[in-house]
Amino acid sequence: MSDHDHDHHGRHHHDHDHSELSETELRVRALESILTEKGYVDPAALDVLIDLYEKKIGPRNGVRVVAKAWSDPAYRERLLKDATAAIAELDYSGRQGEHMVVVENTPEQHNMVVCTLCSCYPHPVLGLPPVWYKSAPYRSRAVSDPRGVLKDFGVTLPDTTKIRVWDSTAEIRYLVLPMRPEGTEGWSEEQLAELVTRDSMIGTGLPKQPGEIT
Amino acid sequence: MNLTPQQAMRAAVAVPGVPRDEDGPVFREPWEARAFAMALALHEAGIFSWKEWAETLGAQIKRAQAEGDPDTGETYYRHWLATLETLVAAKGVTTSDILHRYRDAWDHAADRTPHGAPIELTPEDFG
């Protein structure tokens, strides 16, 4: 790989025995190539089916992390200090080498996650990335016009709220800890989990309000 | 060839142990969804019945348990993938030699591809 790639992603580091693909992923890709060549599998048809499940694949893990952080101040503190370890406490083993960082929304700062180069995404906590996350317009506009992107998602923030965009890499994945909605005092972790959406953990949405759930 | 959520739901019901909720199968990682969808495509192509699939998968899980697999559900799709590899070889779709050759080629492709670029297989990856 070229020096340019190193520069772009700063912390990037590849050594010879480190591959972007796990052993399991290599086997999955091998099968898919062979089955595609033989005409048994149409990759586009696989994509269509997989897109249907993208929302269900894993945000539930992230949902638990956020709900726990909202209801347990000590956990929140651990999560912000060392997200990889705090998430591991809940037993979601990710791929080796992915370092998780949790960024907390406040009235002063709203956080949004993107991967400008490709579509790095915190799979173990959020599952499959939505199609728009991988799209070129989102990847470029998230950086150049985050407020406009948020508006497209139906989110309008006060002008006094700063927007910070975090660019994921192969080694560092970001998860947004949204603000706990008002009017949820005394709610259990399970109740709070109902309010957490996938987009609120990417930063392109806000959690549901108590009135929005039945 | 289209794969539909209805087919996916039928498969999730027909095969014991598929993690699912009321809407269909659920996955922990992207590769699990791809492995699931590949089995669905092969089934639709008539390569095996779900009964045959379930028997082969069941035998695979038993073997893994005998070798100390904790069987916590986290390894379910690993067994699913091994079952795919077994059945495509048994049905003459491909051979385990070819599977290995492609696996090594993908490894080579991943190593030479900088982060951010899509990893693609080229003839040069087959050393």
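The values are calculated or read from the model by the stated rules, or taken from the named source; none is laboratory data. The structure presented is a predicted model; accordingly, all values stated were derived computationally and were not measured. Here the Cβ is made from the backbone with ideal geometry for all residues, glycine too, and neighbour counts use every protein chain on show. For accessibility, only protein heavy atoms count, side chains too; no ligands or nucleic acids. Shrake-Rupley method; radii C 1.70, N 1.55, O 1.52, S 1.80 Å.
Some points to look at:
- Considering the range A:21-36, and only residues there that are among the charged types (D, E, K, R) and open to solvent by less than 60 Å² (accessible area, probe 1.4 Å), the residue that is modelled with the highest pLDDT turns out to be A:E32.
- Residues located in the range A:146-175, provided they are assigned to a strand (DSSP E or B) and open to solvent by 70 Å² or more (accessible area, probe 1.4 Å): A:K162, A:R164
- Selection within the range B:33-54 - farther than 16 Å from B:A89 by Cβ and not small (G, A, S): B:R34, B:F36, B:L40, B:H43, B:E44, B:W50, B:K51
- Just one of the listed residues (A:G39, A:G62, A:G58) is modelled with pLDDT of 85 or more, at the interface with chain B (Cβ under 9 Å from one of its Cβ atoms) and out of contact with any Asp or Glu (no Cβ under 7 Å at 6 or more places or on another chain), namely A:G39.
- As for the range B:57-66, it holds no residue that is closer than 30 Å to A:V131 by Cα, without any contact (Cβ under 8 Å) to a residue 60 or more places away in the chain and not assigned by TED's automatic domain parsing to the domain that holds B:E124.
- Residues that are open to solvent by 40 Å² or more (accessible area, probe 1.4 Å), within 12 Å of chain A (Cβ to nearest Cβ) and more than 23 Å from A:L21 (Cβ to Cβ) number at least 1 in the following helices (runs of 4 or more DSSP H) confined to the range B:8-111: B:30-44.
- For the range A:188-198, the set of residues classified as in contact (Cβ under 8 Å) with a residue 60 or more places away in the chain and open to solvent by 10 Å² or more (accessible area, probe 1.4 Å) consists of A:S188, A:E189, A:E190, A:A193, A:V196, A:T197, A:R198, listed by residue number.
- Residue selected from the range A:93-107 under the condition farther than 18 Å from A:T197 by Cβ and either surrounded by 17 or more Cβ atoms within 10 Å (Cβ to Cβ) or of a type in the set (A, V, I, L, M) (or both), by the criterion modelled with the highest pLDDT: A:V101
- Single residue of the range A:120-142 satisfying the filter (basic (K, R) and either touching a helix residue (DSSP H, G or I) at 6+ places or on another chain (Cβ under 9 Å) or not in a helix (DSSP H, G or I) (or both)) that is least open to solvent (accessible area, probe 1.4 Å): A:R139
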